[in-house]
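Undergrad: Input: one structure, supplied below.
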Amino acid sequence: MKKRIHKHESASGLTERQGAILAAIVKEYILSAEPVGSKAVAFSYSASLGGVSPATIRNIMAELEGAGYLAQPHTSAGRVPTEKGFRFYVDSLLEVEEPTEEAKDVFRKCLDGPSNIEDMLTGATRVLSSLTGCAGLLFIPEREGFVIRQIRLLPVERNGLVVVFVSTLGLARTRFVRTDIDISGLDLERIGNYLNSIGGGLTVGQLWARLREDMAKERNLYDELLSKAYSLCGALFSQDTAGAGGEDALYLDGKVNVLEQPEFRDNFDRMRGIFAAFEEKRLLIKILDQCAGVDGISIYLGSETSVKEFEGLGFVIAPCAAIRPGRGSLGVVGPVRMNYSKVVPLVGYASVLLSKVF
């Protein structure tokens, strides 16, 4: 299964043997989360390396360390891949695995079962987390993608009103507004019919712009009922000038999968920092949004995210055309040491499957 990966600028110039040994070290480190020694590489990867001796492997490991691809935590320890080493591995050496039929079936059942889009997207995020052992992510920039299919007006309390915006994908967003306008049940129904007649196919922000334009040009031409509609909507939209209901939607599942990784679970300060970063919605959106319009799968490692709090973490992100062409993205976040051979095709499969559902 071949997936197009959006490649970052990476180093070059390694010999075939150096690349093979770097790949072996990365794979071993992914499995063990421990520094890798030359004897372990020689024992586990003898066939793929052509029977290279531990002594030769040690010399090449020293060369790779000198070039910045490996690091040695302690003098007597083996080596671990650096961020540069992982980047070269991902861009030049990665061999992806076809998702198993069992994994594909889990995804299909997840998308076939729910009766509404909200449960479907939540389920897709949960399945990504479960199958990859990382945290699943799905991002919908709703200010761009929330297109109105229906508007409902529901009276609550005294002079209170809940406005429900339902998108073309079935997503629902609500806003509460208080008004001093005396509106009967019949008036409310007629106002709702009017808003639906002009709002279908628009984003919420576009609807507000349309209303403001009509209010400025034709306010005096309408009867008392439509004047009430304008006043009601003016009260609603003035509370949310960005577009009443256009918040970005971020689905996140499986944070504990990341926090339980060996790199973090024994470091309380690091664990607390990662947890706090996950709670900062804007930090995750910063990563996901820059991948929304990219063709293919994007992989960001540690410092490449430009977010200090995410150092030591890796992101595998695919565009989510199911939400809107060129907008939205889904993927996973985990340790830089995640199993990219398995994770990359699973993220790609989820992206393609979501696109086929809509």
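The values are calculated or read from the model by the stated rules, or taken from the named source; none is laboratory data. All figures in this text were calculated on a predicted structure; none of them were measured in a lab. Cβ atoms come from the backbone with ideal geometry, glycine included; neighbour counts cover every protein chain shown. In case anyone asks, the SASA skips ligands and DNA or RNA and just uses the protein heavy atoms, side chains included. Shrake-Rupley method; radii C 1.70, N 1.55, O 1.52, S 1.80 Å.
Undergrad: Considering only the range 297-312, I want to know if a residue exists there that is modelled with pLDDT of 80 or more, open to solvent by 10 Å² or more (accessible area, probe 1.4 Å) and closer than 15 Å to TYR251 by Cα.
TA: No, because not a single residue in the range 297-312 is modelled with pLDDT of 80 or more, open to solvent by 10 Å² or more (accessible area, probe 1.4 Å) and closer than 15 Å to TYR251 by Cα.
Undergrad: Next question. Within the group ARG87, ARG17, ARG58, which residue is modelled with pLDDT of 90 or more and buried (at least 19 other Cβ atoms within 10 Å of the Cβ)?
TA: ARG87
Undergrad: Of all residues in the range 129-155 being among the small types (Gly, Ala, Ser) and open to solvent by 10 Å² or more (accessible area, probe 1.4 Å), which is modelled with the lowest pLDDT?
TA: The extreme case among them is GLY145.
Undergrad: Right, here's the next one. Would you list the helices (runs of 4 or more DSSP H) that sit entirely within the range 252-314 and hold 2 or more residues that are of a type in the set (Gly, Ala, Ser)?
TA: Result: 268-279.
Undergrad: Now for a separate question. Which one of the conditions (1) surrounded by 13 or more Cβ atoms within 10 Å (Cβ to Cβ); (2) at pLDDT below 85 does ARG158 fail to meet, given that it meets all the rest?
TA: Only one criterion in (1) surrounded by 13 or more Cβ atoms within 10 Å (Cβ to Cβ); (2) at pLDDT below 85 is unmet by ARG158, namely (1).
Undergrad: Now for a separate question. Only one of PHE268, PHE278 is hydrophobic (A, V, I, L, M, F, W, C), within 22 Å of GLU34 (Cβ to Cβ) and modelled with pLDDT of 70 or more. Can you tell me which?
TA: So the residue among PHE268, PHE278 that is hydrophobic (A, V, I, L, M, F, W, C), within 22 Å of GLU34 (Cβ to Cβ) and modelled with pLDDT of 70 or more is PHE268.
Undergrad: A further question follows. State which residue pairs qualify: first residue farther than 16 Å from GLY302 by Cα and inside the range 258-283, second residue open to solvent by less than 30 Å² (accessible area, probe 1.4 Å) and part of a helix (DSSP H, G or I) in any location, beta carbons under 8 Å apart, and separation of 6 or more residues or different chains.
TA: ARG265/LEU259
Undergrad: Let me ask something else about it. Across the range 270-284, what is the number of residues that are open to solvent by 20 Å² or more (accessible area, probe 1.4 Å) and touching a Phe, Trp or Tyr at 6+ places or on another chain (Cβ under 7 Å)?
TA: 2
Undergrad: Select from the range 98-117 the residues that are modelled with pLDDT under 90, open to solvent by 30 Å² or more (accessible area, probe 1.4 Å) and either closer than 21 Å to ARG337 by Cα or out of contact with any helix residue (DSSP H, G or I) (no Cβ under 6 Å at 6 or more places or on another chain) (or both) and list them in ascending order.
TA: ARG108, LYS109, ASP112, GLY113, SER115, ASN116
Undergrad: Does VAL343 satisfy the criteria of being surrounded by 17 or more Cβ atoms within 10 Å (Cβ to Cβ) and modelled with pLDDT of 85 or more?
TA: Here the answer is yes, as VAL343 does meet what is asked.
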